[in-house]
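Below: the structure, in C-alpha cells.
Readers should treat all values here as calculations from the given coordinates under stated rules, not as data from a laboratory. These figures come from a predicted structure and were not determined experimentally. Note that each Cβ is placed from the backbone with ideal geometry, even for glycine, and that neighbours are counted across all protein chains shown.
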Amino acid sequence: MKVKIHREGQNIIVVLLLILLAINIPAYLFIELKWIPITLIVISVIMFALVINFFRLPQRHFKGDSDGVVVSSVDGKVVALEEVYEAEYLHKNVIQLSVFMSVFNVHANWVPLKGRVKYVKHHAGRFLAAYLPKSSTDNERSAIVIESDKNGEDVLVRQIAGAIARRIVTYVEAGDEVDISDFIGFIKFGSRVDIYLPLDSEILVKLGDTTTGGITPIARLKPRANNETTTGNKE
C-alpha cells in the first residue's frame, strides 16, 4: 500500500535521506571493519522508518453520525480528564480532556467537531514534557475555539508543543467553517492536544484509553433549547 507523507514532513524526509546516504555510503566503502558500517546502516534504517511513520498521513473518514459528536483530534493516549477553569477564552469551568502523542504516533491534527472557527491564537512558551499538567499553560501552544453546529457551544482546542517539539502548525483561521474530516494542524515531534468541553458533555472515553485522530468519539454535546445562551469571551 502506498504511504502518503504529510506535507510538513516532505522536506525533512528528503534532507534526512541525503544525510544518511552521505554517512553510510562512505562508511561502507572505506571502513574495513564491516560490522561498523552495517551497524550504522541498521540504525539509519530504523531512524528513517520512525520518521516516515511520524509523518505518514492516513486517510480517515468518520463513519458515524457527526451531529453533536466530538472526536479525538489526534492519535495518542488520554492523560487528563478533569474539571478545570479555562481562563484564556471560555472563562468558565469546563472538562479538560488531554491526549498525549508519543514520537511513534501520527502527528496530524484533525478538527474535533463540526462548526465555525471563532478564535485562533498562538502563544510562545517553554518546552516542558507534554504529559506534564503545566504544559497546558506554560508550553508553546495554539488555541482554537470552534462554535458547535449542534448547540452553539464553544469548544476550545489547544495544540501544545512538547520537550522535543519545536513547531506547531495551525491551518484554520477565524471564520472558517470546519468539519470532522478537516485538518486543524500539525505538531512536530512529541506533543499533546487538550480539548475543553462543556461540563454537561457526555464523555465517551476514560483515562488511559487510546484514541485515533478523526475516528474515536470522545464526547457528545448536549442539545440546547433555543432560549438558552452560553457564557464566555465573545471576541
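Taking a point 7 Å out from the Cα of D209 in the direction of its Cβ, the residues of region 179-198 whose backbone N falls within less than 20 Å of it are 180-181, 192-198. Among I215, I203, I31, the largest mean-square fluctuation in a Gaussian network model of the chain, built with springs joining Cα atoms closer than 10 Å, belongs to I31.
Quick check: residue separation of Y28 and D67 times 0.36 nm, minus the Cα distance between them. What number comes out in nm? Could you put the intermediate results ahead of the total?
Working: separation 39, 0.36 × 39 = 14.04 nm, distance 5.77 nm.
Computed gain between Y28 and D67 is 8.3 nm.
Scaled against 2.2 N^0.38 Å for its residue count N, the alpha carbon radius of gyration of region 7-94 is 1.85.
Helix 10-30: angle to the longest alpha-carbon principal axis of the chain, degrees 0 to 90, nearest 10? That works out to roughly 20 degrees. Among G214, G152, G76, the residue with the largest mean-square fluctuation in a Gaussian network model of the chain, with springs joining Cα atoms closer than 10 Å, is G152. For the set K121/K150; K34/K188; K4/K34; K92/K114; K4/K222, the pairs lying more than 32 angstrom apart at their alpha carbons are K34/K188; K4/K34; K4/K222.
Placing one identical point scatterer on every Cα of the chain and ignoring solvent, what is log10 I(q)/I(0) from the Debye formula at q = 0.10, 0.18 Å⁻¹? Cα-only, vacuum Debye calculation for the chain: -0.50, -1.32.
For N151 and E173 in the same chain, what is the full-extension length gain: residue separation times 0.36 nm, less their Cα-Cα distance, in nm? Could you put the intermediate results ahead of the total?
Details: separation 22, 0.36 × 22 = 7.92 nm, distance 2.09 nm.
Stretched fully, the N151-E173 segment lengthens by 5.8 nm.
Between I36, I146, I160, the residue with the greatest mean-square fluctuation in the GNM of the chain (Cα pairs under 10 Å linked by springs) is I36.
Could you work out the relative contact order of the chain? I mean the mean sequence separation of Cα pairs under 8 Å and 6+ apart, divided by the number of residues, in percent. Show your work: numbers first, answer last.
Numbers: 538 pairs, mean separation 56.8, N = 235.
Contact order relative to length: 24 percent.
For the pair region 1-64 / region 174-197, the C-alpha centres are spaced 27 Å from each other. Arranged from fewest to most other beta-carbon atoms within 10 Å of their beta carbon, D179, D154 become D179, D154. The Kirkwood hydrodynamic radius of region 10-55, based on inverse pair distances between different Cα atoms, is 11.0 Å. Relative to the longest principal axis of the Cα atoms of the chain, helix 35-55 runs at roughly 20 degrees. Note: relative contact order over region 150-223, using C-alpha pairs below 8 Å and six or more positions apart, is 37 percent.
Dipole check for the chain: with +1 at the C-beta of Lys and Arg, -1 at the C-beta of Asp and Glu, and the Cα centre as origin, the magnitude is about 760 Debye.
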